[in-house]
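Structure first, then comments.
Just so it is clear, none of the values below were taken in a lab; they were calculated from the coordinates. Since the model is a prediction, treat every value here as computed from it, not as a measurement. Here the Cβ positions follow ideal geometry from the backbone for every residue, glycine too, while neighbour counts run over all protein chains shown.
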Ligand code: ASP
């Protein structure tokens, strides 16, 4: 599967380049892009039913509430820890490379003028999010109407809240009474998983369409050069997380080998790259970690939907680097205290970022506010945000998958046999 998706992606880039070269962008936008949009819509369409079916199933399979709180505690603890490690890594890199110093006055003005309006509307969105009081995120967690919450993919956390609550109710009632509900949910879960399998058959084509449209619509590369060092700082950080940190963590705690780790997770990474949305990628991540990396669905159905919405290591790293870059470009001196407050706010801002394209940039405004950097500085990084968003989404999704492996291992809920024989498993899979 990952080869097919990769080939789709490469062919998409080539097609986009060729059509753009001869001035036929519109053709791609009219006739190819819609298939990419359909693919993303299918993934989003299945996200809420998937969370409902698999999370209720997962929770009702647990023996009692204490198991749930154990899993919840571990999940949130590891999520927080990896996010803090990610921002800190980003800060170390940006302070060594100092990309902001390579921006001269003229480029700065060009960027501010060129992207000022775009940045303005993003800042507007951030201000709306900001003006609501410190406990608003907690209030937002509890929906007043479950159908209202389910009708908007942006309310995933509210749906998760309801579903966990429902699952707890299900565990606590008489098993005789809960049996038909459980059986129904089990059946529903199977159906949803099968639907994902069917959607994934179209993944190579969907990814082809998305990449072709992305390349055809890409802005000119002129200003990219000025932002080269900044982009490099973000990419080095994300690369370290994706290629070194996660596979090493997974290796140490679960024994999974480097190649097997990527064999398991790469289709989700490729979909993350092409859609720039952890939420849209969620069905693929769940399928891969559960069916191909052997983590029990009790764990994946709990850890991954929550991770897709709150655990964004790539986003937090990017917010740290971008905040310092903008401060450097505006000639602000940051104290150690400022850097520490970046760690805290970027961690919170990444938790608050929605799992959709560009969300990390909106929440970056909050980080800029705490260090006194101008929000208008967003215009400096606007031009190059999309490609960085694609890579930070890979990071977010890989982080979620890694934590699912870790939590699965710590609860002894990883593959048959208990300590996975990765080779046997893959051979079995290949032979079947
Ligand atoms: N696009 C990212 C995601 O969905 C969020 C971000 O903008 O950083 O994971």
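Points worth noting:
- For the chain, built as a Gaussian network whose Cα springs stay under 10 Å, the top-fluctuating residue of 113, 217, 298: 113
- You can think of it this way: the chain between residue 29 and residue 11 has 4.9 nm of extra reach, that is 0.36 nm per residue less the Cα-Cα gap.
- The mean of 1/r over all pairs of different alpha-carbon atoms in segment 55-125, once inverted, gives a Kirkwood hydrodynamic radius of 16.9 Å.
- Candidates 154, 331, 307: whichever shows maximal mean-square fluctuation once the chain is modelled as a Gaussian network with Cα springs under 10 Å: 331
- Calculated FRET value between residue 81 and residue 176, using beta carbons and R₀ = 41 Å, to 0.05: 0.45
- Comparing 177, 215, 321 in a Gaussian network model of the chain, where Cα atoms under 10 Å apart are tied by springs, the biggest mean-square fluctuation is seen for 177.
- Cα gyration tensor, segment 1-120 - rounded (a/c under 1.5), prolate or oblate: oblate
- Expected 222 nm ellipticity per residue - DSSP helices of 4 or more, -39500 (n - 2.57), all of the chain, to 500: -25500 deg cm²/dmol
- Residue 144 versus residue 198: modelled label distance in nm, points set 7 Å from Cα along the beta carbon direction: 3.8
- Helix 385-410 vs. the chain, principal-axis angle (Cα, 0 to 90°, nearest 10): 30
- By the count of other C-beta atoms within 10 Å, a proxy for reagent exposure, 274, 151, 410 are ordered fewest to most as 151, 410, 274.
- q = 0.09, 0.14 Å⁻¹: log10 I(q)/I(0) that the Debye formula gives for the chain, counting C-alpha atoms only: -0.57, -1.35
- Mean silhouette area of segment 96-194, derived from the convex hull of its C-alpha atoms and averaged over all directions, reads 12.7 nm².
- Counting other Cβ atoms within 10 Å as a rough exposure proxy, the listed residues 397, 192, 94 run 192, 94, 397 from fewest neighbours to most.
- Given R0 = 51 Å, the distance between the Cβ atoms of residue 232 and residue 63 translates into a calculated FRET efficiency of 0.55.
- With a Förster radius of 35 Å applied to the beta-carbon distance between residue 117 and residue 3, the computed FRET efficiency rounds to 0.25.
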